[in-house]
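First up is the structure itself, then whatever we jot down about it.
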Amino acid sequence: MGTIGDVVARTVTLALAASVALLSGCGSSGRHATPTTTAGPPPTTAPPATAAAPTPSQTTASALQAEANSAAAGDVPDNQVYVVFHDVAAGYSIKYPEGWAQKGAGSAVTFRDKNNVVRIVVAPRRPVTAGAVRSSLRGAQVTNGPAALRIGGTHVLKVVYTTRSAPNTVTGKRVTLTVDRYYVPHARKEAIVDLGSPVGVDNVDAYRLMIESFRWR
């Protein structure tokens, strides 16, 4: 058995050792707990998506164009059968020759048989002036109008213009299209009806029947 002094010395020694171990453990734990950072630019946030603004082609009707590689078109026969097309979304109906290919729906619909082409575009109503017509028909040659007339009790405006197709990839020939354009108003909108035929093709009677059949619903 040691003396009281020996006991006190051993107690002090053990207490010091425990204190050193505790401080060492805390220091090590503190080094591991501290996160490290690297310098760099602040994070960026992508701007919110916005809807694309309407383009002019969504609200105006450009000039009709023939297809140079299409087979030659002939007159619409006198005994041609017509069917009624109802465009519920745009709110109109019109007769067109049975068998013609239909493309599009709603505000823009085209009927075509080779280079006999009929297109109806429904757009917000705008003043129909000579300047506005020429602006919408860039690349075309306006030969007449706008002229006022009545069709089926409705006041309409008529414009006549011509366009030339791109060259045929084999022969280099171009097709010239003569187009009767009608602006048919209704409240705050209008239908722009283009009826086109290649030069030399006579569709006067057929196209008269079609435009006179146009009805707003």
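The values are calculated or read from the model by the stated rules, or taken from the named source; none is laboratory data. A quick note: this is a predicted structure, and the numbers were derived from the prediction, not measured. FYI the Cβ positions are ideal-geometry reconstructions off the backbone, even for glycines, and counts take in every protein chain you see. Accessible surface areas use protein heavy atoms only, side chains included; no ligands, DNA or RNA. Shrake-Rupley method; radii C 1.70, N 1.55, O 1.52, S 1.80 Å.
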So if I check each of Ser70, Ser93, which one is small (Gly, Ala, Ser), closer than 24 Å to Val160 by Cα and part of a strand (DSSP E or B)?
Ser93
Which members of the stretch 97-142 meet the condition of being over 21 Å from the mean Cα position of the chain (by Cα), of a type outside the set (A, V, I, L, M, F, W, C) and open to solvent by less than 40 Å² (accessible area, probe 1.4 Å)?
Pro97, Asn115, Asn116
Scanning the stretch 68-92 residue by residue, those in contact (Cβ under 8 Å) with a residue 12 or more places away in the chain, open to solvent by 70 Å² or more (accessible area, probe 1.4 Å), within 20 Å of Ser197 (Cα to Cα) and out of contact with any Lys or Arg (no Cβ under 8 Å at 6 or more places or on another chain) turn out to be Asn69, Asp75, Asp78, Val81
It is to be established whether one or more residues within the stretch 168-179 are at pLDDT below 95, under 21 Å from Tyr92 (Cβ atoms), surrounded by 13 or more Cβ atoms within 10 Å (Cβ to Cβ) and polar (S, T, N, Q).
no
